[in-house]
């Protein structure tokens, strides 16, 4: 089976504002998908990609009572964004 594309995203569409770390991770996952022909990598494979990028656990774990993604400036409503 061959897929035309391993990814369903674009770095250049409106609303795709990502940090350098987010872009690096996204491209590393895309490279992993293409190299190993894995359309949907498992969480263990995603963790492996993170380790390959150099990510390591350096802080004590925190409880996840309500798992929400970290807030960024882009998450605030347009009228409340800093200039």
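Each reported figure results from applying straightforward, stated rules to the coordinates on display, with no laboratory input. Remember, predicted model here, so these are calculated numbers, not experimental data. In this analysis, Cβ positions are derived from the backbone assuming ideal geometry, glycine residues included, and neighbour counts consider all displayed protein chains.
For the ranges 40-51, 18-29, what's the packing order if you count other beta-carbon atoms within 10 Å of each residue, average per peptide, and put the highest first? Mind showing how you got there, number by number?
Numbers: 40-51: 11.5, 18-29: 13.0.
Ranking the peptides 40-51, 18-29 by packing returns 18-29, 40-51.
Expected output is a single nm value to one decimal: the length gained when fully extending between residue 62 and residue 47, i.e. 0.36 nm times separation in residues minus the C-alpha distance. What is it? Don't skip to the end; give the middle numbers.
Details: separation 15, 0.36 × 15 = 5.40 nm, distance 1.82 nm.
The span from residue 62 to residue 47 would gain 3.6 nm if fully extended.
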